[in-house]
Each structure stands twice: as C-alpha cells, then as structure tokens.
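As structure tokens, the structure follows; a few thoughts come after it.
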Amino acid sequence: MNNIYLMRSLMFVPAHNTKLLESAVKRNADVLLLDIEDSVPYTKKQKSRDNIKEFAKRTDLNGKLLFPRVNDRESGELLKDIYQLTIEGISGFMYPKATKGEDIYFFGKLLETIEYEKGLPIGTFKIIPLIETAGAVINIREICCSCTRVIAVAFGCEDYVTDLQGKHDPEGQSIMMARNLISIGARSCGVLPIDTVHIKVHDLEDLERNLILSKKLGFEGMLVLNPKELPLVHQYYSPTEEELVWAKEMLQLSEEAQQEGKGVAVKDNKFIGPPMVKMAWNILRKQELIELRGVIQ
C-alpha cells in the first residue's frame, strides 16, 4: 500500500555538492532526491555515488526518505549507480526518462538481480519513474502498473515541453493535459502522483496558485528545487484543520449509520457514503504520517 509513504515534498540535491548535501539535512523535505543525473557532470558521477554512500549512514535525517535519481539505461552509468547504492538507508531510486512500461520492468528486474546477489529481500528498493516526454505521458498507466516496486510517479515539465516542441505559458495551459493524465493514470494504479517543479522558485505567489490547482488535480506532492518552497508545499499537501474535523465527523456519522443498518445515509444534513468514508480515512492517514515524522514544515 502506497499510503504508508509521506511524499508532500521531493527535493532535488546534486549529490556531488557536499555543501548542498549538508544543507539538505537541515531542511524538512519528506524525500531527498540525491541527484546523480542531469545536475552532475560526467567527471563527478563517482564522487556523487561515494557521497551518497556516506550520506545514507547519517543518523540525523529525521525520517527523510532517500531516493537517488540515477542515470538512464542508455547512459552506461545505470548499473554502477544501483549496484553501489542498493544499501541500507536508501529507500529506492528515481528513474529518469521512463518512456514505457518496459523501461520500468527492466529496471525492476535489475534491482531484483542485485537484491538476490546481495542477499537482500526481493522488493526492498522502490521506484519513482520520472515522466519527461510526450510518449511517457501517453503510456502513463502502463508505466505505473509495470512493476510492483513503483510507489509514485513524478512529472518533469521542462523536458516534456521540449519534447512536445511546445512553449511554457504563464497560465500553464501547455502542461495542463499532461498533469491531468499523469494524476489520473497514477491514481488508477494505486500510485502516488507527484507534480512537476515550480520553475519560478522566487515567485511564491505563483507557487501558491500552482499548489491550489495541483491539489485540485489530485497530486500527492511536488518536486522541489529550492528549500524556500517547502513551507507552502507542506501547507497545501497537508490536511487542514477543517479537513481533519470533517474527516473525524464523517467517520463518526458513518459508524452511526451502520449501527442503524444503513450503508448510505443523510445525517445532520450531510450525505454519508463509501466515497466520503474513504476520503476521510485518507485524510487521517496522511495526518498520521505527518505526526510520525514530527514535522509540519
């Protein structure tokens, strides 16, 4: 079940940069995406792996999940990435440039082989595919359902718009269809949909507008480039006080309706049925995960 993972914020950290790695420890991102791919020069790939091996040993991460973003299968670096980093402290890997289910199936089998060779339980390491092309958006459901290791899927809008030969616009119309399809495809497979980065990192008003829309579209969290975005990101992807009150009341009214022998009912002017009860449980489960981490921002 993917509702055991708290993924409001997934923050990129270039793994060759020890200063940024040290700074990331002090931030409250739910997931650290320790990057070995785009932000790392070829000559720094091994340094990045070595840094991650040391970083994973830290005892002051306060519940942060570590997901290195590895290099893609055409890079010649992928096997080195995962063989060296299938270690304690690493929860899984972000796989870039996923275009179809076969890519993720292949990656999952590589992990299975390494887990078997290292004597680790099969399925230890999870996968977050990164959707960065028009083809990947079209194949979103196939990608999400291709491997049981997939717990979330994230949208990379910059590569997507380039592949589409489209153009960014202030209203976000060029990526709206992709955001919809990714969220729908992920949820249909029981996978957490993660929204794209907010490019204008210093425009917090625009970030807030994006977060309001993102939550309406069903996203569970967002890719983060700058730590200054974290408070707003956590605010919008965490249950509000009103939502928590509603969820508790809905479960109480549902229990009363069941005691009266009713599966669907109207009590205290509120319609009660299975969808509302499921939503209430989801809200309370997310709050529980936040409280287990002991942080809100």
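The values are calculated or read from the model by the stated rules, or taken from the named source; none is laboratory data. Just so it is clear, the structure is predicted and the values come from calculations on it, not from any experiment. Note that each Cβ is placed from the backbone with ideal geometry, even for glycine, and that neighbours are counted across all protein chains shown. Only protein heavy atoms, including side chains, enter the accessible area calculation; ligands, DNA and RNA are left aside. Shrake-Rupley method; radii C 1.70, N 1.55, O 1.52, S 1.80 Å.
The table for this structure:
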{"read-out": "Candidate set: the stretch 1-20, residues that are hydroxyl-bearing (S, T, Y) and open to solvent by 40 Å² or more (accessible area, probe 1.4 Å); chosen: the one farthest from Y237 (Cα to Cα)", "value": "T18"}
{"read-out": "The one condition in (1) at negative phi; (2) in contact with a helix residue (DSSP H, G or I) (Cβ under 6 Å, 6 or more places away or on another chain) that L61 fails to fulfil", "value": "(2)"}
{"read-out": "Scan of the stretch 78-110 for residues that are among the aliphatic types (A, V, I, L, M), out of contact with any Cys (no Cβ under 9 Å at 6 or more places or on another chain) and under 16 Å from K126 (Cβ atoms), ordered by number", "value": "I82, L85, I87, I90, M94, A98, L110"}
{"read-out": "Some residue of the stretch 1-9 being within 17 Å of V224 (Cα to Cα) and of a type in the set (A, V, I, L, M, F, W, C)", "value": "yes"}
{"read-out": "Subset of the stretch 129-175 that is of a type outside the set (V, I, T), in contact with an Asp or Glu (Cβ under 6 Å, 6 or more places away or on another chain) and over 19 Å from V31 (Cβ atoms) - its residue that is surrounded by the most Cβ atoms within 10 Å (Cβ to Cβ)", "value": "Y160"}
{"read-out": "Failed criterion for I175 (all others in (1) part of a helix (DSSP H, G or I); (2) in contact with a Phe, Trp or Tyr (Cβ under 6 Å, 6 or more places away or on another chain) hold)", "value": "(2)"}
{"read-out": "Qualifying residue in the stretch 117-128 (condition: under 19 Å from A15 (Cβ atoms), open to solvent by 10 Å² or more (accessible area, probe 1.4 Å) and in contact with a strand residue (DSSP E or B) (Cβ under 7 Å, 6 or more places away or on another chain))", "value": "yes"}
{"read-out": "Criterion violated by L223 - all others in (1) in contact with a Leu (Cβ under 6 Å, 6 or more places away or on another chain); (2) free of Cβ contacts under 8 Å to residues at least 60 places away in the same chain; (3) among the aliphatic types (A, V, I, L, M) satisfied", "value": "(2)"}
{"read-out": "Hey, L244 within 21 Å of I283 (Cβ to Cβ) and of a type in the set (A, V, I, L, M, F, W, C) or not", "value": "yes"}
{"read-out": "Pairs, first more than 16 Å from R69 (Cα to Cα) in the stretch 14-27, second in a helix (DSSP H, G or I), C-beta under 6 Å, six or more apart", "value": "R27/P227"}
{"read-out": "Meets criteria (touching a Lys or Arg at 6+ places or on another chain (Cβ under 8 Å), modelled with pLDDT of 95 or more and outside any loop (DSSP other than H, G, I, E, B)) for P129", "value": "no"}
{"read-out": "Options I82, I87, I52: the member that is open to solvent by less than 50 Å² (accessible area, probe 1.4 Å), touching a Leu at 6+ places or on another chain (Cβ under 6 Å) and aliphatic (A, V, I, L, M)", "value": "I52"}
{"read-out": "Residue that is surrounded by the fewest Cβ atoms within 10 Å (Cβ to Cβ), among those in the stretch 27-45 that are touching an Asp or Glu at 6+ places or on another chain (Cβ under 9 Å) and more than 22 Å from I194 (Cβ to Cβ)", "value": "Y42"}
